[in-house]
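What follows is a set of notes on a single structure, which appears directly below.
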Amino acid sequence: MRALRKLAAWILGGVLFFAGILKIMDPVGTGLIVSEYYKFFGLGFMLFSSKVVGMTLALVETVLGAAVFTGVFRKVAAMVSLFMLGFFTIVTAILWIANPAMDCGCFGEAVHLTHAQSFLKNIVLLGLWTLAFLPFRNLFPAPTVKYVSFGVAVLSVLLFMIWSIRGIPMVDFTPFAPGNELLSADEVYDADAPVLSFCNSDYEYADSLAVHGNVLAISVYDPSRLSSEAVSKVKRCLSGAESAGFTALLLSAGSIDGAVSYLADRKTLLTLNRSNGGATFISDGQIIRKWSVRSLPGTDTLRELSTVDTTEAVMKENGPQRIKLQAFLLCVFAVMLLI
């Protein structure tokens, strides 16, 4: 019975930890998820707090998962996890009944569940909670060394969160992920195919500019929050892209002083690149690589990329990043399990 309780705790803690990490990896996407919940429940006045609340909940979920997995602070972890699971079970039940056009966001952009699947997932987790923690009188204290492994895991999560906030997601799970093909709005396309829709100052669609040749698209989804220094970096990058033979596009959800930009929907720009002022390299409609506004590419980098095979470039972009994420998760779980 004790082995079964431990296995249930490992599975429950692992799911909570993994789900939290996927949301921490994508702060902007996590904020979008929370904003959808706000809108559904009529809490639009709280939209300003979406990102902070989303990241706080994701951090709590991840730390809680580490506590359940390692077995530390068992009674506290049991009560907090029961509250969270119970609350989100009720929320997903409401979503299942109302069936709004939104994703639960349980695993960020990585895994999309229907409202029914999300509700059933929470029921299964409640079942695992019952196996792991009931009856309370049989909860044994964790060995002292487990508090060390818990501390290492929490520190790793905090460092990962700081890194994620400062850049773009380590692995991109959006429809505009590297390797995906773009189509213009005037083409016949599959409903699931990503379309980067934008227009010129005369409100004429100019999507075709993004699907032919080498293109560097810099997306600004919140112009008012782009510093003068960042604007200068964006302009230099666009100029360098033109020098490298690229079609340089500045896509914005509003006007930018001293710059000519195409107009696009804010949510589209948020999905294209999570960084406000981030750059995306597109070759003949295929998304190849992305940069945050903190690390915009120079002319030499773009010239080098323009000569590389697109398949090879995508593999160089996706492969190492996925390996880094897998290595991070493997190391943290190994510490929690073995120490």
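Here, each number is a calculation from the coordinates, and none is a lab measurement. Owing to the predicted nature of the structure, the values given are computational and were not obtained by experimental measurement. Heads up, the Cβs are rebuilt from the backbone with ideal geometry, glycines too, and the neighbour counts pull from every protein chain shown.
Laid out as a table, the results:
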{"item": "Helix-derived mean residue ellipticity, 222 nm - over the chain, DSSP H n ≥ 4, -39500 (n - 2.57), to 500", "result": "-18500 deg cm²/dmol"}
{"item": "Cα-based shape type of the range 273-336, given that a ≥ b ≥ c are square roots of the gyration tensor eigenvalues and the cut on a/c is 1.5", "result": "prolate"}
{"item": "Centre separation in Å (Cα based) which lies between the range 22-52 and the range 242-267", "result": "26"}
{"item": "Length-normalised contact order for the range 2-166 - Cα pairs under 8 Å, 6+ apart - percent", "result": "34"}
{"item": "Computed label-point distance, nm, for sites L47 and E204 using a 7 Å Cα→Cβ extension", "result": "3.2"}
{"item": "Net charge of Cβ neighbours under 12 Å - reference L16; Lys, Arg +1; Asp, Glu -1", "result": "+1"}
{"item": "Global form of the chain, assessed from the alpha-carbon gyration tensor, a/c cut-off 1.5", "result": "prolate"}
{"item": "Extension gain (nm, one decimal) between D309 and K6, 0.36 nm per residue minus Cα-Cα", "result": "104.2 nm"}
{"item": "Ranked packing of 307-318, 172-183, most packed first, by mean Cβ within 10 Å", "result": "172-183, 307-318"}
{"item": "DSSP bridge pairs, the chain: antiparallel proportion in percent, nearest 5", "result": "65"}
{"item": "Hypothetical label at L131: residues of the range 85-117 whose amide nitrogen lies under 11 Å (7 Å Cα-Cβ projection)", "result": "none"}
{"item": "Peptides ranked, highest mean first, by Cβ atoms within 10 Å: ranges 59-72, 247-260", "result": "59-72, 247-260"}
{"item": "Rough spin-label spacing in nm, given labels placed 7 Å along Cα→Cβ, for N138 and V154", "result": "2.8"}
{"item": "The chain: DSSP helices with Cα axial extent of at least 15 Å and average Kyte-Doolittle hydropathy no lower than -0.5", "result": "2-24, 27-40, 50-70, 74-98, 115-133, 144-166, 228-243, 310-338"}
{"item": "Contour minus Cα-Cα distance for K39 and T301 (0.36 nm per residue)", "result": "90.1 nm"}
{"item": "Net +/- balance of residues flanking T307 in space, Cβ distance below 15 Å, scoring K and R +1, D and E -1", "result": "-2"}
